[in-house]
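Some notes on the structure that comes next.
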């Protein structure tokens, strides 16, 4: 079946095969959070992005194969509600940016900065620091074509900055300079809530995002 990225609470994961990775997207929790399981097709190693809620469902999604890392995209509790339980069950290292790591419910075993890399099996993901939604929000990029953005970029705009002009300007600038100016239209965006999009679908709307200030 064709991957759409459209998932529902309590429903099955949507699974996508890309060169080197299997990507499984699932919706969990009461805020429509997306969690993503990335699995290296060569080694079977896995990485979970945002252990947001419903630890039993996430552990079931992971199954019997190992995961080596759980990456938390930012400090907001709806993105780490199941982190303690899933980390305990899997023994995976926990990964976050140092500016958000102290707010998480577990000791972060690896802190990552802009430009660092995270590996899953033989696959490498680039860390992109996107300041504004929270101080330590990060995205993960695979082969310039698959971008996991947490709550920093969605279909229709950047993440919530609580109507703070300075925070909006910082996030908008980071998203433009570190994502849109660098990556092609074909790059697929996997956000922290809701449906997926592409940079090509969103790029024409950047001026209106800037003008409206959110």
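The values are calculated or read from the model by the stated rules, or taken from the named source; none is laboratory data. Nothing here was measured: the structure is a model prediction, and the numbers come from that model. Here the Cβ positions follow ideal geometry from the backbone for every residue, glycine too, while neighbour counts run over all protein chains shown.
Observations on the model:
- Residue match in segment 97-109 (condition: modelled with pLDDT of 95 or more, under 21 Å from residue 6 (Cα atoms) and outside any strand (DSSP E or B)): no
- Residue check, residue 130 touching a helix residue (DSSP H, G or I) at 6+ places or on another chain (Cβ under 6 Å) and within 19 Å of residue 49 (Cα to Cα): yes
- From 189, 176, residue being touching a residue at least 12 places away in the same chain (Cβ under 8 Å), surrounded by 14 or more Cβ atoms within 10 Å (Cβ to Cβ) and in contact with a strand residue (DSSP E or B) (Cβ under 8 Å, 6 or more places away or on another chain): 189
- Cross-chain or 6+ apart pairs with Cβ under 7 Å, segment 203-214 first and without any contact (Cβ under 8 Å) to a residue 40 or more places away in the chain, then not in a helix (DSSP H, G or I): 203/185
- Residues (outside any loop (DSSP other than H, G, I, E, B) and more than 17 Å from the chain's Cα centre (by Cα)) located in segment 148-179: 165, 166, 167, 168, 169, 170, 172, 173, 176, 177
- Taking segment 6-93 as the region of interest, the strands (runs of 3 or more DSSP E) fully inside it that hold 1 or more residues being within 17 Å of the chain's Cα centre (by Cα) and crowded, with 21+ Cβ neighbours inside 10 Å are 21-28, 33-40, 46-49, 69-71.
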